[in-house]
Amino acid sequence: MRHLVLFAGLLIAAPASAVDLPTRKAGLWELTMNFHNTRLPHQTMRQCTDADSDRLMNLNFAGSNEQACSKKDIVPNGTGYVVDSICNFGGVTTTSHAVVTGSFDSAYSVDVNSTREGGPTMPGAAVGAASHMTIAAKWLGPCAAGEKPGDVIMSNGMKMNVIELQKARGPAPKR
C-alpha cells in the first residue's frame, strides 16, 4: 500500500527542472487509482493539502526522483501536461509516459503507461508486462474536522502526515 501512495505522489506532484506542475487548490482531494492490466483492485485515498504541504510533497518526491531519474520531463500541452521519465529505484528501471489533464483547482486525471526492467514482479501483473494506471482526482472542499494539511488517508482508514514524516526524516532536499 505504501508503494501506491508513493507512486501516486510521484505522478501528481513530481516536478521537473524546466516546468513544475501547478500547486493544487488547498483543501481535501480524493484520488482514485485504477490499475488496468493487473489483478490489483482500485485504490482510493484522500489528501488534505495547502500550498506548503503540496510543495513539501513535491520536494520529498523530487529529491529521490532527481537523484534516481535519468529523465524527468514535464511539458505543458493544450489541455494539461505530458510527463516522461526514466527512473531507477533499487535496481528496477521504470520508463513512464503520463498525460495529465484537467484543473488543479477542481478535478484532474492522470493516464500513465509504464514498463519495468529488473526487480521482482509487481503484485497482480504478468512478468515483464507493461502497466497502465489512471488516477482520477477531485477536490471535495475544505479538509474535514480533525484533518490537517499533509494528511493522507487511505480507504482502509490508515492515516499518515507527510509533514510529520518529513520532520522525522530530517530537512527536506534543497532544489
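Assorted remarks:
- Residue that is nearest to the chain's Cα centre (by Cα) [pool: residues in segment 145-159 that are among the aliphatic types (A, V, I, L, M) and loosely packed, with under 14 Cβ neighbours inside 10 Å]: M158
- Residue in segment 126-142 that is open to solvent by less than 20 Å² (accessible area, probe 1.4 Å), modelled with pLDDT under 90 and closer than 21 Å to H36 by Cβ present: no
- Hits in segment 67-120 (condition: open to solvent by 40 Å² or more (accessible area, probe 1.4 Å) and assigned to a loop (DSSP other than H, G, I, E, B)): G78, T79, G90, G91, D105, S106, G118, G119, P120
Quick grid of which residues meet (1) in a helix (DSSP H, G or I); (2) at pLDDT 80 or above; (3) open to solvent by 50 Å² or more (accessible area, probe 1.4 Å):
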{"residue": "L4", "(1), (2), (3)": "yes, no, no"}
{"residue": "A8", "(1), (2), (3)": "yes, no, no"}
{"residue": "L11", "(1), (2), (3)": "yes, no, no"}
{"residue": "V19", "(1), (2), (3)": "no, no, no"}
{"residue": "L28", "(1), (2), (3)": "no, yes, no"}
{"residue": "L31", "(1), (2), (3)": "no, yes, no"}
{"residue": "N34", "(1), (2), (3)": "no, yes, yes"}
{"residue": "N37", "(1), (2), (3)": "no, no, yes"}
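The values are calculated or read from the model by the stated rules, or taken from the named source; none is laboratory data. Because the structure is a prediction, the values reported are computed rather than measured. Neighbour counts are summed over all protein chains in view; Cβ atoms, including those assigned to glycine, are modelled from backbone coordinates with ideal geometry. When the accessible area is computed, the model is the full protein with side chains, heavy atoms only, and any ligands, DNA or RNA have been set aside. Shrake-Rupley method; radii C 1.70, N 1.55, O 1.52, S 1.80 Å.
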